[in-house]
Amino acid sequence: MSQPARAPRRLRLGAVLLPLGMLLECASALGAQLEAGVPQPSSRLVWSSDATLPSRFISAHGRRAALFGYSENGLEAWAYPVQILNGYRVSFRQQGAATEIEGQAILRRITYSPQAVTRTYVGPDFVVREELFVPLELPGAIVSYQIEGARPVDVLVRFTPVLDLMWPASIGGQESVWDAAASAYILSEPLHRFTARVGSPDIVAHDDTVNATQRLSRSPGLAFTLRAGRDRRTVQVVIAGGTAAEDTAAIAGKLLEQSGSLERAAADHYSDLLDRALQIETPDPLVNRALAWSEIALDQAWVCNVDLGCGLIAGYGPSRKARRPQYDWFFAGDGMIATRALLAAGEYDRAREELEFILKYQDPRTGMVWHELTQSARYLDWTKYPYLYIHVDLSFDFLNTVDEYFSTTGDRGFVKDHWKALESAYGYCRSLLDPHDGLPRIPRDKEGANEQDPLGDELALSASWVAASASYADLAAAAGHAAGAQQARRTSEQARHAVTERYWDARRGVWISAHTRSGAPVTDPDLNPAALIRNSLLTAGQRDSLLDRLASADFQADWGTRSKAVSAASYDPNAYASGSVWALGTSGIAGTYWSAHRPLTALAVWNALLPWSSLDSLGHMHEVLAGDLYHPEVESVPEQTWSSASFLTTTVEGLLGLKVQGASGRVSFAPHLPPAWSAVTVRHVRVKGSDLTLHVTQLPSEVHLQAENAGAPVAMLFDPEIPLGAKLRNALLDNRPVAALLEPDLEDTHVRLELTLPHGGTRLEIIYQGGVAIVPAPPRPEIGDSSEAIKVTGVSLAGRLLTLELDHPTSTASAFELRTPWVISSEQGATMETVSPGHYRFTVGAPTTAGAPGAYQHGKVTVAFAAVE
């Protein structure tokens with residue numbers, strides 16, 4: 001699992017259905033926008049919560065600016081690369097009263113939509129709705145207050161002016177003055193490179209910027225009072241920033257005068273985004289919304305810096321210690337993970353733009369791909385800081401990402417246009433190889449994926465080299481360099497044989513995740529060996545043993561996969577990289593289990609990520625959670641791009657088994673639908689100019705595919721999962737028999753068909769009989785909970801005997817469900833009850849007084865079925 005250096009340390013997606021109660025909750029917030037004429041095509045994605053303090057991060061995003069923070073600390077405003085202010089807070093005073101009411105004390109609800117955030121304050125006899133909005137393309141923000149009450153209410157705004165560059169650059173000499181004509185505070189610095197203003201036409205009182213010998217106020221910042229006129233109940237604050245080439249007065253004027261049209265443009269943008277990107281409609285509204293917001297999060301991570309260009313930033317979180325919003329920088333590694341999600345979502349143009357942005361800052365001397373780029377890099381010599389060219393693993397990842405881009409899009413022109421850069425990156429990777437085994441080593445002044453420990457080499461890096469050299473071979477062939485492609489394939493095969501020799505300790509029977517710089521092996525069990533499974537570098541026995549271990553309670557929490565096993569000597573549940581749970585790593589593990597034909601474990605791991613979307617910043621996913629109890633790890637960023645991106649990628653490639661192969665004009669579709677889902681619809685699957693809609697229906701003993709192709713014919717591999725042990729009876733393509741192949745595996749069963757989807761509609765029916773489907777209960781932990789869900793480590797069906805190996809908690813009983821038309825003759829290791837014909841619930845374990853919360857024990861459940869169906 002790659003972890004970037006954090007310096008200093010550190011759809012409309014189908015029809016997204018929401019419960020009626022949630023829609024009613026959101027109605028009041030939507031009403032104000034409807035009155036303003038803002039279209040609501042994404043209103044089904046509005047997310048509302050009355051859990052407001054202290055850990056509810058809020059953010060409004062644009063390409064050139066952002067407004068975000070936690071309510072208890074106040075908001076900060078940015079017009080890249082400059083922070084305009086921090087500590088933005090509000091309080092309220094009813095006219096005629098002497099005492100003001102702190103906004104934080106009466107904040108009762110936060111409502112999120114893709115284009116804005118609304119905070120609702122409820123006073124004794126008044127309500128104020130504060131909308132935070134950042135336009136798509138302007139360096140500024142609009143904060144509106146809609147006031148309802150028996151008496152007029154004044155809004156008091158306090159903030160601390162900053163006007164300084166993103167860390168570690170700095171301006172110096174900042175000044176704030178009141179401009180009565182502009183009704184705003186003007187922020188400036190002596191060289192006039194940047195200016196900003198914070199104001200409103202509704203200001204009726206303001207603090208003076210007095211040059212006094214003694215401090216006249218306890219407040220370190222500035223304040224002003226807003227008052228609505230008699231004929232209206234809304235007041236607005238405008239925050240604008242810009243460079244010397246930009247007129248902040250004009251920007252502020254445009255923000256104020258065109259606020260309605262700017263917000264309509266933002267709403268239209270997100271509507272268009274969700275209409276054109278991949279749409280996934282499931283029977284579960286929580287899944288639909290989480291997936292839609294993953295696409296929104298990807299779009300909101302696209303930032304344009306006037307000096308550096310446009311690219312994906314790593315996420316959003318409040319500044320720490322200095323002017324460094326975490327992680328509102330450009331990170332090449334995070335961008336590559338997001339690029340995979342863009343490809344999965346069919347956003348091919350944006351994926352290409354991100355790759356070109358990464359290439360823009362490739363080291364021209366060595367070919368090395370860069371790691372991180374502060375948004376203020378133009379104003380200092382960033383190459384002298386230790387963060388730009390530090391991670392050697394990213395050059396390997398880049399080759400793999402470009403190969404995936406080419407395979408998905410078939411964009412041979414990109415490969416040819418950037419061939420020299422790709423060749424240079426490959427050359428850098430080769431420069432790190434040890435001549436004795438052909439595997440990469442990490443120079444002493446560099447880092448691999450693990451930046452916490454000084455290492456000489458990493459298992460994951462070596463596995464990445466096997467893939468990167470094969471990727472380079474694909475790219476060389478695409479660019480017409482046959483000899484280079486052949487040589488790279490030989491190199492990849494040589495590395496493939498060397499990996500297990502170096503990293504498998506046969507005497508102790510353990511995997512070596514890395515070697516220290518002194519050569520000592522690192523053997524504490526962690527997730528690194530999973531890279532061997534993803535790259536097919538293991539024997540069948542090694543693979544199964546590792547998969548069993550990773551599926552256990554030693555690694556699996558109810559909210560995801562720990563980066564290090566609980567049994568490891570160095571395990572620390574609250575350490576950033578030594579036992580905590582990453583959404584990125586969890587998504588990768590879910591995908592690994594789907595690719596290994598272990599869908600039950602894969603689904604459980606994937607399900608664990610769904611609650612992350614509402615844990616903090618609604619719709620966005622945190623970076624990392626604690627390993628023992630369900631809560632964010634202290635260093636975690638509330639909006640981490642790669643968390644949302646990897647969740648989307650794993651859903652598309654793992655759960656749906658959907659892979660577009662644009663280079664060959666082919667689509668693979670191998671859905672692993674949860675037994676409880678009756679259907680799923682996937683729209684806008686784009687391959688070679690064709691646009692596909694795929695609708696899969698699950699019926700008793702049948703799977704149906706209805707495909708609509710709006711373009712030229714497309715070759716498809718359809719390979720759906722059916723119940724374990726089921727037998728194929730028939731397959732019909734447009735009511736005509738068609739050849740199909742039953743693919744039984746130890747833990748799942750598929751039916752494989754090769755077909756061509758012509759222009760128009762195609763209907764496919766698969767009829768089977770028998771089989772068994774296991775339905776785990778998806779965990780829904782609450783803050784502070786320990787794990788208590790079953791962890792299935794292995795499944796097998798031998799004849800009519802089903803065996804489940806599992807870990808179950810000692811402090812509580814746990815259950816799973818089983819659906820089958822077969823008659824159950826006996827069961828062991830669990831108690832069974834019949835829910836309905838063919839539907840059974842099994843309860844495992846009984847709570848014991850000795851069972852500690854989070855403690856597990858291993859068990860086995862066997863279910864025997866009668867010989868005749």
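The values are calculated or read from the model by the stated rules, or taken from the named source; none is laboratory data. Here the structure is a predicted model, which is why all the values come from computation and not from measurement. For neighbour counting, all protein chains shown are included, and Cβ atoms are generated from backbone atoms with ideal geometry for every residue, glycine included. Calculation scope for accessible area: heavy atoms of the full protein, side chains included, ligands and nucleic acids excluded. Shrake-Rupley method; radii C 1.70, N 1.55, O 1.52, S 1.80 Å.
Over region 64-189, what percent of the accessible surface lies on carbon and sulfur atoms, probe 1.4 Å? Roughly 48 percent of what the probe reaches on region 64-189 is carbon or sulfur. Given +1 at the Cβ of Lys and Arg, -1 at the Cβ of Asp and Glu and no other charges, the dipole of region 46-131 around its Cα centre is 260 debye to the nearest 20.
Show me the three semi-axes of the equivalent ellipsoid for the chain, from the C-alpha gyration tensor (sqrt of 5 times each eigenvalue), largest first, rounded to whole Å.
Numbers: eigenvalues 439, 216, 148 Å².
Largest first, the chain gives 47, 33, 27 Å.
Think of a 1.4 Å ball rolled over the protein heavy atoms: region 73-157 then has 29 Å² of accessible area per residue. The accessible-area ordering, largest first, of the residues SER701, SER71 stands as SER701, SER71, per a 1.4 angstrom probe. For the pair ALA265 and LEU742, a Förster radius of 35 Å applied to the C-beta separation gives a FRET efficiency near 0.10, rounded to the nearest 0.05.
If the limit is 18 Å between Cα atoms, which of LYS360/LYS416; LYS360/LYS688; LYS791/LYS860; LYS360/LYS420 go over it? Check vs 18 Å cut-off fails for LYS360/LYS688.
Take region 802-868 with all the other protein chains still there, run a 1.4 Å probe, and you get 49 Å² of accessible area per residue. Modelled this way, with points 7 Å down the Cα-to-C-beta line, the labels at ARG841 and GLU782 are 2.0 nm from one another.
For the peptides 686-694, 232-240, the ranking by packing is 232-240, 686-694, with the highest mean count of neighbouring Cβ atoms within 10 Å listed first. Protein heavy-atom accessible surface, 1.4 Å probe, per residue over region 503-633: 29 Å².
Mind checking the dipole of region 750-854: about its Cα centre, +1 per Lys or Arg Cβ, -1 per Asp or Glu Cβ, Debye to the nearest 20? It would help to have the intermediate numbers written out before the result.
Working: 7 positive and 10 negative charges, 65 e Å.
Dipole size: approximately 320 debye.
Name the residue from SER786, SER825, THR803 whose Cα lies farthest towards the positive end of the charge dipole of region 732-836, charges +1 on Cβ of Lys and Arg and -1 on Cβ of Asp and Glu. After comparing all options, I get SER825.
Could you check how much of the accessible area of region 317-403 is carbon and sulfur, as a whole percent, using a 1.4 Å probe? Please list the in-between numbers first.
Working: 1350 of 2790 Å².
Carbon with sulfur: 48 percent of the solvent-accessible area.
Rounded to the nearest angstrom and listed largest first, the equivalent-ellipsoid semi-axes of region 291-387 from its Cα gyration tensor are 23, 18, 10. Below 8 Å between Cα atoms, with a sequence gap of 6+, how large is the relative contact order for region 570-638 in percent? The value is 36 percent.
Packing here is the average count of other Cβ atoms within 10 Å per residue, and on that basis the peptides 574-581, 757-764, highest first, run 574-581, 757-764. Calculated [222 nm] ellipticity per residue, helices only, for the chain: -8000 deg cm²/dmol; basis is -39500 (n - 2.57) per DSSP H run with n ≥ 4, divided by all residues, nearest 500. Look at the alpha carbon pairs under 8 Å that are at least 6 residues apart: their mean separation over the length of region 341-463 gives a relative contact order of 23 percent.
A straight chain from HIS858 to GLU257 at 0.36 nm per residue would run longer than the Cα-Cα distance by 209.8 nm.
Under the convention that each Lys and Arg Cβ holds +1 and each Asp and Glu Cβ holds -1, the size of the dipole of the chain around its Cα centre is about 440 debye. Extension gain, ARG151 to ARG227, is 26.2 nm, computed as 0.36 nm per intervening residue step minus the present C-alpha separation.
Taking 0.36 nm per residue of separation and subtracting the current Cα-Cα distance, fully stretching the chain between VAL122 and LYS420 would add 101.2 nm.
Ligands, DNA and RNA left out, the 1.4 Å accessible surface of region 714-869 is 53% carbon and sulfur atoms.
Annotation: peptides 559-568, 376-385, 607-616, 442-451, ranked by per-residue average of other Cβ atoms within 10 Å with the highest first, follow the order 559-568, 607-616, 442-451, 376-385.
Hey, with R₀ at 60 Å, roughly what FRET efficiency would THR366 and VAL823 work out to, going by the Cβ-Cβ distance, to 0.05?
Working: r = 67 Å, r/R0 = 1.12.
E(calc), rounded to 0.05, equals 0.35.
Could you tell me what % of all Cα pairs in region 613-683 have separations over 18 Å? Please report the intermediate quantities before stating the final value.
Numbers: 1377 of 2485 pairs.
More than 18 Å apart: 55 percent of the Cα pairs in region 613-683.
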